[in-house]
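A short worksheet on the structure shown next.
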Amino acid sequence: MFDIAVFGSLFLTLFVIMDPPGITPIFLALTAGRPAKVQKKMAFQAVCVAFGVIAVFGVVGQQILDYLHVSTQALMIAGGLLLLLVALDLLTGKTDEPKQTKDVNVALVPLGMPLLAGPGAIVQVILAVQHASGAEQVSVWVAILAIHVVLFLAMRFSLLIIRVIKDGGVVLVTRLAGMMLSAIAVQQIINGVTQVINGA
């Protein structure tokens, strides 16, 4: 049976964590210089990768972490470090160099994971699936699917912005995205370290 409260709670939580409006400048920065058709394809690929990762962890996430003896805090810190490396590339302009990015599918990493399917979203999904009763499972998975549809639409229609801001605007968006992403990465590391300290 569909539970609107469970759906709404998880959807809003994932919306805040995965942040569709916030991902658009990062998506534009990482896919800048590619044809519009390729960018649309990359938006779809990123969402598919994110959904696949989230779905796997939703089903067997806790078992995977237990088997590897990895805590959710370690997952958050590692994801934060990876995002910080990407953010530094954006800030220093390395993503403007065609040789480094044209042949790399950023839809997989870092867009699909860990930007969309990051540690925060993974942990929330694991907890939601664990705490949902049999009837509430449908609501949980509909919420997961719905947030990925929203993410795709946000990235897909953000491509219209490129036509307005042109190349100079893309450079500005790239630097802004790098600054935002570095802040997200540092906050993610802080959250992980804080949880480790509090749990110790």
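The values are calculated or read from the model by the stated rules, or taken from the named source; none is laboratory data. In this text, all values refer to a predicted model and were calculated from it rather than measured experimentally. These area figures cover heavy atoms from the full protein model, side chains too; ligands, DNA and RNA do not enter into them. Shrake-Rupley method; radii C 1.70, N 1.55, O 1.52, S 1.80 Å.
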Per-residue accessible area, 1.4 Å probe, largest first, puts LYS40, LYS166 in the order LYS166, LYS40
Roughly how far apart, in whole Å, are the Cα centres of the range 141-184 and the range 1-53? 9 Å
Computed helical MRE - 222 nm, the chain, DSSP H runs ≥ 4 contributing -39500 (n - 2.57), nearest 500: -28000 deg cm²/dmol
Which helices pass in the chain if a helix is a full DSSP H run, must span at least 24 angstrom along its long axis by Cα, and must have mean Kyte-Doolittle hydropathy not below 0.0? 36-68, 72-92, 137-199
One quarter of the convex hull surface, Cα atoms only: what value does that give for the range 117-180 in nm²? 5.3 nm²
Pull out the extension gain between ARG175 and HIS131, defined as 0.36 nm times the separation in residues minus the alpha carbon to alpha carbon distance; nm, one decimal. 11.8 nm
In Å and on Cα atoms, what radius of gyration and Dmax does the chain show? 17.2, 52
Return a single number: how many Lys pairs in the chain, at a sequence separation of 8 or more or on separate chains, have alpha-carbon atoms below 18 angstrom apart. 6
